[in-house]
Amino acid sequence: MQNNKKLPEEISIFPLSNFIIFPESTVPLNIFEPRYVQMIDDAMKSHRMIGMVQPKKTGDLKKPNLYNVGCVGKITSFNETDDGRYLIVLNGISRFEILKEISTNKLYRVCKVNYEKFSFDLKENREKINFSNLETILKDLKSIFNKKGYAINWSELEKQDLYNTINTLSMASPISLEEKQTLLESLNVNDRKLKLEKILKTYLLDNFQNNTLQ
């Protein structure tokens, strides 16, 4: 496990709406905008790390305000297509807080960040988790996914350990960006589980009320 002293204090920022990653999660990304192609080029020449942060719905269209908490990830796979796109795989390492944005001559944004609040993201010994009602969460999610026409490989999901299962569900659930941000900022996975369950119950209640009204 990486020591937080090795994580960069200044990182390039990839603002992606309604998208979060967690430590130890792995996500594929398709990079095609010139500013983010430049970002990946620079990352590959140095520590291979970028920060994933959700943009808010405020600020300029080309430079929206950012949520204060994101997750730094390391590029573990890199491929370039014939049309100049980059296909990368990003492995989550640690969440961070943005301290300030740094002015540069780059096309992409750069921020000074701090990992202290989430230092336990780097610890190998995880907190003990009570997943006695995980089956309820899975049942609620399957209902919501089916109604929205989403598909997920449940059998593969169930092969993960419980820590990563909750994080994967938090990332994949068809919920709002504000709700995903709430899950990302949860200090521990027990808190995240409870918040996810509460969010899902709200969606199910809304669906029930809408169906009743019709």
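The values are calculated or read from the model by the stated rules, or taken from the named source; none is laboratory data. These numbers come from a predicted model, not from an experiment. Note: ideal-geometry Cβ built from the backbone for every residue, glycine included; neighbour counts use all protein chains shown.
Applying the set (1) in contact with a strand residue (DSSP E or B) (Cβ under 7 Å, 6 or more places away or on another chain); (2) under 20 Å from residue 18 (Cα atoms); (3) free of Cβ contacts under 8 Å to residues at least 60 places away in the same chain to residue 44 leaves exactly one unmet item: (2). Just so you know, in the stretch 27-63 the residues that are in contact with a Ser or Thr (Cβ under 7 Å, 6 or more places away or on another chain) and closer than 27 Å to residue 172 by Cβ include one that is surrounded by the most Cβ atoms within 10 Å (Cβ to Cβ), and it is 50.
Table: residues versus (1) charged (D, E, K, R); (2) in a strand (DSSP E or B).
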| position | (1), (2) |
| --- | --- |
| 8 | no, no |
| 12 | no, yes |
| 20 | no, no |
| 24 | yes, no |
| 27 | no, yes |
| 43 | no, no |
| 51 | no, yes |
| 56 | yes, yes |
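For the stretch 78-92, the candidate set comprises residues that are closer than 15 Å to residue 33 by Cβ and either touching a Pro at 6+ places or on another chain (Cβ under 8 Å) or among the β-branched types (Val, Ile, Thr) (or both); within that set, the residue that is surrounded by the fewest Cβ atoms within 10 Å (Cβ to Cβ) is 81.
Considering (1) in contact with a helix residue (DSSP H, G or I) (Cβ under 6 Å, 6 or more places away or on another chain); (2) modelled with pLDDT of 95 or more, the lone condition that residue 105 does not fulfil carries the number (1).
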